[in-house]
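Participant: Have a look at this one.
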Amino acid sequence: MSFTDRLVLWLHIAFAIFTIGPVTLAVSSTPRYIRRRDLAILRYLSRITVIFTISSVLVGVFGIVLGQVDHDFARPWLTVAMTLFVVALVLLVIIAADQRKAIQALTTAGAEAAAAGSAGSGLAQEGGLAAGAAAAVPATATGAADAGDAAEEPAAPVPAAAPVPAAAHIAAVERGRIAAMGGVVNLIWLVILVLMVWRP
């Protein structure tokens with residue numbers, strides 16, 4: 001093997017280590033931080049996924065060059081490995097899109113929660129003002145009327161549990177999709193590694 005052949009092989013292995021490794025770690029970590037709703041880390045993982053998915057194309061490029069040098073294109077294992085590599089790239093593109101959807105959904109859910117909290121605090125303040133005004137009325141003038149009203153008014157209904165916001169549900173769905181497709185991508189990398197070492 002000439003120096004040029006060895007250089008192409010080294011570049012192929014180096015790009016496989018320094019691009020596929022980080023993107024695999026980023027994809028595998030994403031569902032955990034979606035569950036924690038950590039938007040800062042999710043945005044960082046999304047950038048890593050996009051950058052290293054694009055960079056991993058060079059793994060395929062140097063693999064094709066290496067196959068031409070070694071005249072391995074007639075061997076079935078190389079065809080299978082290249083096909084699986086393309087499938088993995090497509091899945092990574094879908095995962096990157098799902099990461100952005102999850103970030104947008106969590107941002108919307110956070111805004112909805114903040115709006116609901118501010119509305120609840122406003123209602124609590126209004127209720128406190130109404131209670132203070134009612135307490136200022138003399139008891140002798142309102143005692144009999146309050147007793148009659150209390151007897152006529154039905155019991156207050158028990159508030160139902162708050163529904164899960166649609167944005168939070170979307171984030172949970174994206175978390176499951178990313179976890180499933182990330183597992184498939186990791187399995188594809190493992191199969192390609194076995195094919196590259198075994199070369200049946």
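The values are calculated or read from the model by the stated rules, or taken from the named source; none is laboratory data. The structure presented is a predicted model; accordingly, all values stated were derived computationally and were not measured. Cβ sites come from the backbone with ideal geometry, for glycine too, and all protein chains shown count toward neighbours.
Participant: Do we find that residue 29 is in contact with a Leu (Cβ under 7 Å, 6 or more places away or on another chain), farther than 14 Å from residue 192 by Cβ and either small (Gly, Ala, Ser) or not in a helix (DSSP H, G or I) (or both) in this structure?
Facilitator: Spelling it out, residue 29 is indeed in contact with a Leu (Cβ under 7 Å, 6 or more places away or on another chain), farther than 14 Å from residue 192 by Cβ and either small (Gly, Ala, Ser) or not in a helix (DSSP H, G or I) (or both).
Participant: Here's something else I'd like to know. Only one of (1) at pLDDT 95 or above; (2) of a type in the set (D, E, K, R); (3) surrounded by fewer than 10 Cβ atoms within 10 Å (Cβ to Cβ) fails for residue 177. Which number is that?
Facilitator: (3)
Participant: OK, next. Name the residues in the range 14-63 that are within 16 Å of residue 105 (Cβ to Cβ) and of a type in the set (S, T, N, Q), would you?
Facilitator: 30, 46
Participant: Here is a follow-up. Would you mind finding the one in 109, 102, 16, 113 that is more than 30 Å from residue 199 (Cα to Cα) and in contact with a Ser or Thr (Cβ under 9 Å, 6 or more places away or on another chain)?
Facilitator: That would be 102, the only listed residue that is more than 30 Å from residue 199 (Cα to Cα) and in contact with a Ser or Thr (Cβ under 9 Å, 6 or more places away or on another chain).
Participant: Same structure, new question: Any residue in the range 15-33 that is within 16 Å of residue 90 (Cα to Cα) sitting within a Cβ distance under 7 Å of a residue that is aromatic (Phe, Trp, Tyr) and buried (at least 16 other Cβ atoms within 10 Å of the Cβ)? List the pairs, counting only those 6 or more apart or interchain.
Facilitator: 19/52; 20/189; 23/52; 24/189
Participant: Give the residues of the range 60-116 that are in contact with a Lys or Arg (Cβ under 7 Å, 6 or more places away or on another chain) and of a type in the set (Gly, Ala, Ser), sorted by residue number.
Facilitator: Once the filter is applied, which keeps residues that are in contact with a Lys or Arg (Cβ under 7 Å, 6 or more places away or on another chain) and of a type in the set (Gly, Ala, Ser), the range 60-116 yields only 102.
Participant: May I pose another question? Would you tally the residues in the range 30-77 being in contact with a Phe, Trp or Tyr (Cβ under 8 Å, 6 or more places away or on another chain) and crowded, with 17+ Cβ neighbours inside 10 Å?
Facilitator: The number of residues fulfilling the criteria is 8.
Participant: Kindly list the number of the only condition in (1) under 20 Å from residue 171 (Cβ atoms); (2) not in a helix (DSSP H, G or I) that fails for residue 72.
Facilitator: (1)
Participant: For residue 37, which of the numbered conditions (1) at pLDDT 95 or above; (2) among the charged types (D, E, K, R); (3) at positive phi fails to hold?
Facilitator: Result: residue 37 fails condition (1) only.
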